[in-house]
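Here the structure is laid out as structure tokens; the discussion comes afterwards.
The values are calculated or read from the model by the stated rules, or taken from the named source; none is laboratory data. Note that this is a predicted model, so its numbers are computed, not measured. A quick note on method: Cβ atoms are made from the backbone with ideal geometry, for glycine too, and the neighbour counts reach across all protein chains shown. What goes into the accessible areas is simple: the full protein's heavy atoms, side chains included, and nothing from ligands, DNA or RNA. Shrake-Rupley method; radii C 1.70, N 1.55, O 1.52, S 1.80 Å.
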Amino acid sequence: MPHEQHRRSFLSKTGQSWALILAGGEGSRLQSLTTTASGVAIPKQFCSFGGEASLLHDALRRAQTVTTPTRTCAVVSEHHRLWWQAMDLRIPSANVIRQPCNRGTAIGILLPLLQILHRDPNATLLVLPSDHFVCDEDVLAESLQAAMRQIRRQPDRIVMLGISPDEADPELGYILSRSNRAAGLRSVSEFVEKPSAAVARTLIARGGVWNSFIFAARGKTLLRAFEQQCRQLALDMWEIVSSHNVLAQADDLADLYERAPPLDFSRDILQCSPELLRVLTVPPCGWSDLGTPRRVSEALHRFPPRQVRTRKARHAAFLDLTQHRPVTYASG
């Protein structure tokens, strides 16, 4: 028993490992592929690459390399209810955090961050987008775990995962560090969004990596970055999240979202706190954000789709990006 008491005391001080899946985006750049014959545009996180399961399900499985389903949250948009409600996400319903509307990536992270901190004040988070394709999941998993270990050692840092670039892609963001060494944590010196192909080649020559938008951080450190840039918004949202008046929370949150300015997490939060940032390079793993039809086509040709698996679960309609047609899959 003394050992068990010591373990519980340790966990209360250090917090648990959590994963946060970002699934509230619109996927507007991919609508030429994700629009059904009836004219309905399905956000790409609810689509599939190869008919196995949705990209959101892929992200949820990725999260299980660092934590459990009970400590995995997904932030979604209320107007996407048609799709996420039909899916068996295999996480507690309380962990599906609903935004009244999409107000940018910063607010899309702040809301679930505060909800997690309300439940676990010392939580450590891994934040994962829900629209990525990865060929070698084992390689990425090792980097996800390494980022979480680094945060345990350096809780006052935000560790971003940079992808080793295999081409000078002008459609992606790049992270530059103060060191050209490939291994270990490096300080972040600059972000460059969607450079020309020529500039992208120069950035890669200088050791630049693709910004995957995957990062790990202690919850309190991440909140401090928000408070430095939008303190009143964070305070107002915390008052709603921590309120005991559950019936009023939805209305108060909708009102706050209506008043809040759109905020981009990379531009308006991270880039304003460079002293907090470190970058960890992910070895080549066949990563793509599937952000444009061209990137979907390239991923399809370089990495053949995985075989469809049959599952005994309730079904939901979604779009297979490799076929550009609606299909049905077992949503477990």
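Have a look at 271, 228 and point out the one that is polar (S, T, N, Q) and either in a loop (DSSP other than H, G, I, E, B) or over 19 Å from residue 178 (Cβ atoms) (or both).
Details: 271 fails: either in a loop (DSSP other than H, G, I, E, B) or over 19 Å from residue 178 (Cβ atoms) (or both).
Result: 228 is the single residue among 271, 228 that is polar (S, T, N, Q) and either in a loop (DSSP other than H, G, I, E, B) or over 19 Å from residue 178 (Cβ atoms) (or both).
Kindly indicate which of 266, 297, 273 is at pLDDT 80 or above and farther than 30 Å from residue 106 by Cβ. First the steps, then the outcome.
Details: 266 fails: farther than 30 Å from residue 106 by Cβ; 273 fails: farther than 30 Å from residue 106 by Cβ.
Step by step, each of 266, 297, 273 is checked, and only 297 is at pLDDT 80 or above and farther than 30 Å from residue 106 by Cβ.
Here the condition is being hydroxyl-bearing (Ser, Thr, Tyr) and either surrounded by fewer than 16 Cβ atoms within 10 Å (Cβ to Cβ) or free of Cβ contacts under 8 Å to residues at least 12 places away in the same chain (or both); of 212, 177, 196, it holds for 196 alone.
Find the residue count for region 269-279, including only residues that are of a type outside the set (Asp, Glu) and open to solvent by 20 Å² or more (accessible area, probe 1.4 Å). Walk me through how you get there before you give the answer.
First pass over region 269-279, keeping only residues of a type outside the set (Asp, Glu): 269-274, 276-279.
Right, trim to open to solvent by 20 Å² or more (accessible area, probe 1.4 Å) and you get 271-272, 274, 278.
The number of residues fulfilling the criteria is 4.
Selection of region 106-134 for residues being out of contact with any strand residue (DSSP E or B) (no Cβ under 7 Å at 6 or more places or on another chain) and either modelled with pLDDT under 95 or within 18 Å of residue 43 (Cβ to Cβ) (or both) yields 107, 131.
Could you list, in sequence order, the residues of region 131-147 that are part of a helix (DSSP H, G or I), among the hydrophobic types (A, V, I, L, M, F, W, C) and open to solvent by less than 20 Å² (accessible area, probe 1.4 Å)? Of everything in region 131-147, those that are part of a helix (DSSP H, G or I), among the hydrophobic types (A, V, I, L, M, F, W, C) and open to solvent by less than 20 Å² (accessible area, probe 1.4 Å) turn out to be 140, 141, 144, 147.
Annotation: residue 84 fulfils all but one of (1) within 24 Å of residue 114 (Cβ to Cβ); (2) of a type outside the set (S, T, N, Q); (3) in contact with a strand residue (DSSP E or B) (Cβ under 6 Å, 6 or more places away or on another chain); (4) modelled with pLDDT under 90; the unmet one is (4).
Taking region 280-303 as the range and being hydrophobic (A, V, I, L, M, F, W, C), part of a helix (DSSP H, G or I) and open to solvent by 30 Å² or more (accessible area, probe 1.4 Å) as the test, only 300 passes. The residues in region 72-130 that are part of a loop (DSSP other than H, G, I, E, B), surrounded by 15 or more Cβ atoms within 10 Å (Cβ to Cβ) and not charged (D, E, K, R) can be counted, and the count is 9.
Do you know which of the residues in region 148-174 that are in contact with a strand residue (DSSP E or B) (Cβ under 6 Å, 6 or more places away or on another chain) and either assigned to a strand (DSSP E or B) or of a type in the set (Asp, Glu) (or both) is surrounded by the fewest Cβ atoms within 10 Å (Cβ to Cβ)? It comes out as 173.
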